[in-house]
């Protein structure tokens, strides 16, 4: 696992901002920016201003997901953030595990330089709880997003969600998606069942559009095979955005090969 971590250039972290809101943010670096020793993971990157997780406070739970879309592999590391300073995070891990490659769309991502290096990726807007028509279009055409959840005893977690474009729905400002069969650990759903705080991160890898949302999620049970129950599990998650931030991603990749495991959309 340590070797896999050291070969990655992309990670996603879930933690709370200074106001206690849960967010998921993307971190990019040269290969080798993640390196572990024993139960400690050092991340040679940190969210930059104006990302909502800029200036992360140490001593809080943090969840990290690193993923290589090109080879459809991912690893999650959850634990305690022990060091946080510009360009560096250190995590004392108490959970580290891989996930199956299902629902990962295959992409080769390349870094994109930004003009405003001192500000990091450019912010386009910040709005409380309001999804614009542009936001909704980005969400509806997404084939991938990243979900942050938390548990009062087990800490924070970052996970990947994928499916055919259109698997994430938006209705009256509420976002929902069907839960697909996975590794049967139910990390995200278990967290949501006891703590509704959640965070979503959408990236349009072709255009570079990025959308971060912080809000509340709830698990909903439906009749298996009902409209929108693409995977036939009878489970879906509804997310109510409370804070919305749009920005620009640091990695791009226009070409995509969809996972053969993606269920067909069910209405």
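Bear in mind these aren't lab numbers, they're just calculated from the coordinates by the rules spelled out. Just so you know, these numbers come straight off a predicted model, no measurement behind them. Backbone-built Cβ (ideal geometry, glycine too); neighbour counts: all protein chains shown.
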(request) Mind sorting 170, 194, 77 by how few other Cβ atoms lie within 10 Å of their own Cβ, fewest first? (result) 194, 170, 77
(message) Pairwise over distinct Cα atoms, reciprocal of the mean inverse distance: report the Kirkwood radius of the stretch 1-100 in Å, one decimal place.
(response) 13.3
(message) Please compute the modelled spin-label separation between residue 132 and residue 193, points set 7 Å along Cα→Cβ, answer in nm with one decimal.
(response) 3.9
(message) Using only the alpha-carbon atoms, what does the stretch 172-267 span along each of its principal axes? Please give whole angstrom values in decreasing order.
(response) 38, 33, 29
(message) Please arrange 33, 258 by how many other C-beta atoms lie within 10 Å of their C-beta, fewest to most.
(response) 258, 33
(request) Please work out how much length the chain gains when fully extended from residue 164 to residue 40, using 0.36 nm per residue of separation minus the C-alpha to C-alpha distance, in nm with one decimal. (result) 41.0 nm
(request) Would you give the gap between the C-alpha center of the stretch 1-71 and the C-alpha center of the stretch 136-154, rounded to a whole Å? (result) 16
(request) Please give the contour-minus-distance gain from residue 140 to residue 102: 0.36 nm per residue of separation, less the Cα-Cα distance, rounded to one decimal in nm. (result) 11.6 nm
(message) Kirkwood Rh over alpha-carbon pairs of the stretch 140-209, then Stokes-Einstein at 37 °C and 0.692 mPa s: what D in µm² s⁻¹, rounded to an integer?
(response) 250
(request) Given the peptides 238-248, 83-93, 141-151, arrange them by the average over their residues of other C-beta atoms within 10 Å, most packed first. (result) 141-151, 238-248, 83-93
(message) Using only the Cα atoms of the chain, what are the Rg and Dmax in Å?
(response) 17.1, 51
